[in-house]
Structure formats: structure tokens, C-alpha cells
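Participant: Supplied in C-alpha cells, the structure appears directly below.
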Amino acid sequence: MKGIVFSEFIEMVESKFSPEMADEIIMAANLPSGGIYTAVGTYDHGEMLELVAQLSEKTDIQTGDLIRTFGTHLFGRFNELYPTFFNGVNSTFDFLSQIEEHVHSEVRKLYPDAELPVFETVRLDADTLEMTYRSGRPFADLAMGLIHGCALHFGEDVVIDQEDMSEEGRTHVRFTLTRQPTHAG
Ligand code: HEM
């Protein structure tokens, strides 16, 4: 996993909890990297799972909730860091439909060693998008949080249902997104 994901996670812990909490979980996790990440470096994704496990233990918040919160936060950061991906895109479904072919494919050009999941999207009708996540790593909750962050960004009310099809961990999940009617006027 790229260092940028780790640095964003640690910054989120510092701001949502405290700098001391960030130090504590890094110490307790006993990481090969020592918790020092550079944006372009690549680190074992197990370090992220370990940091989240430590944060869960110290805060009594479930790991899934922590990863989803991080995903939502991360989407806001991606918006700041990579504004060009947002040019000309006006809705949650349009943005999510081009993750695979436009966004992550560009990420792969920037970072050839990026470990990215595979997404398959099917537009079932105007208000329903099916998005299937598959990865060698168990980060479906991160995807869930990013999807939620995307809907918040576009100011749309989207209900996210999920069906876990994983054989192990959270590696294969089908999300069904239903856009709710707006009650304008
Ligand atoms: C501007 C938007 C986005 C950018 C720039 C971006 C970029 C990235 C980067 C740099 C990584 C790390 C790769 C690595 O660790 O080697 C990553 C991983 C990931 N991305 Fe995105 N991403 C974006 C949007 C999204 C969205 C909207 C979703 C979900 C629908 C998503 C799902 C994921 C997941 C789940 C991973 C973790 C790796 C895995 O599950 O195997 N990303 N992305």
C-alpha cells in the first residue's frame, strides 16, 4: 500500500483523536516501517490493518467503522490532492463509474507499484448503480467509506447496500447504490 494512504490515515488520527493517540498506536503496532511513511514509498498493507486494530482497541470503536470513517475522510483529501479527476464530473454515479478506467488507471501510471482493487460497475437504472469490489486485500470497508464520501461530495443522498461474497476477509463485496429522490421545493 502506498505511503500516501498511511500518511493520510495518521493525519486523520491526529486531527480526529489526538497526536498522542497517533504516536501510541504506532508504538503499539510495532511496525517494520517504524511508522515513518513517504508518499511514494510502498509498505505492507498489513501495517494499515495493524494500526486500525490498535486504534480500535484504544478507542473501543469497531475496526470496520474506523476504516469506513477513514475512507470518507480520504475521499475529501483526494479531492484536494487530485482535483483534475473531478473536472467535468457532476454526479456520484458518474464519478464512481470511471474509477476503474479513468482514476485508478491514472494512479497506476503515477505509481506503477500501486496495489489497486478491481471495480466493476453496472448502471441498473437512472437511480441504481451496482459496484463490485474485488481485491487481494480486505479493504471493502475502505471502498464503502470512499463511496459515502463521494456521495457527500456531490451532495446526493445515496443508500449503500452491500452483499459480502468474500471467501476470506472483506475482499469481494457487491455494493448496490440507490440514489434517493431530492425533495426540492
Ligand atoms: C480521486 C479519487 C481517487 C484516487 C486519487 C484514488 C487513489 C488511490 C490510491 C493512491 C490508492 C493506493 C494504492 C496502493 O496502496 O498501492 C487507492 C487504493 C484504493 N482505492 Fe482509490 N482512489 C480514488 C477513489 C476511489 C474510490 C471512489 C473508491 C471506492 C469506490 C476507491 C477505492 C479504493 C480502495 C478500496 C483502495 C485500497 C486498495 C485495495 O482495496 O486493494 N478509490 N486509491
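Participant: Name the residue, out of Ser97, Ser7, Ser56, Ser18, that is at pLDDT 95 or above, of a type outside the set (Phe, Trp, Tyr) and over 30 Å from Val158 (Cα atoms).
Facilitator: When all the criteria are applied, what remains is Ser18.
Participant: Hey, another quick one. Restricting attention to the stretch 115-124, does a residue exist that is in a loop (DSSP other than H, G, I, E, B), polar (S, T, N, Q) and surrounded by 15 or more Cβ atoms within 10 Å (Cβ to Cβ)?
Facilitator: Taking every residue of the stretch 115-124 in turn, none turns out to be in a loop (DSSP other than H, G, I, E, B), polar (S, T, N, Q) and surrounded by 15 or more Cβ atoms within 10 Å (Cβ to Cβ).
Conditions tested, residue by residue: (1) away from the ligand (no atom under 11 Å from the Cβ); (2) over 24 Å from Thr84 (Cβ atoms).
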residue	(1), (2)
Leu110	no, no
Glu115	no, no
Val122	yes, yes
Met131	no, no
Ser135	no, yes
Ala140	no, yes
Ala143	no, no
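Participant: Being surrounded by fewer than 13 Cβ atoms within 10 Å (Cβ to Cβ), in contact with a helix residue (DSSP H, G or I) (Cβ under 8 Å, 6 or more places away or on another chain) and under 19 Å from Tyr111 (Cβ atoms) is the filter here; which residues of the stretch 11-50 pass it?
Facilitator: Within the stretch 11-50, just Val40 meets the criteria.
Participant: So, one more: Which of the helices (runs of 4 or more DSSP H) found entirely inside the stretch 1-82 contain at least 1 residues meeting this: touching a residue at least 60 places away in the same chain (Cβ under 8 Å) and not assigned by TED's automatic domain parsing to the domain that holds Gly155?
Facilitator: Values: elements: 3-16, 19-29, 45-59, 63-81.
Output list reads 3-16, 45-59, 63-81.
Participant: Give me the pairs, please: first residue somewhere in the stretch 99-120 and within 17 Å of Arg170 (Cβ to Cβ) and assigned by TED's automatic domain parsing to the domain that holds Val173, second residue anywhere and among the aromatic types (Phe, Trp, Tyr) and more than 6 Å from the ligand (Cβ to nearest atom), beta-carbon distance under 7 Å, and either six or more positions apart or on two chains.
Facilitator: Listed pairs, sorted by first residue: Pro117/Tyr133; Phe119/Tyr133.
Participant: If you don't mind, another one. Go through the stretch 152-168 and count every residue that is surrounded by 14 or more Cβ atoms within 10 Å (Cβ to Cβ), within 26 Å of Leu49 (Cα to Cα) and of a type outside the set (A, V, I, L, M, F, W, C).
Facilitator: 2
The values are calculated or read from the model by the stated rules, or taken from the named source; none is laboratory data. Treat the numbers as computed from the prediction; the structure is a model and nothing was measured. No Cβ is skipped: glycine too gets one built from the backbone with ideal geometry, and neighbour counts run over all protein chains shown.
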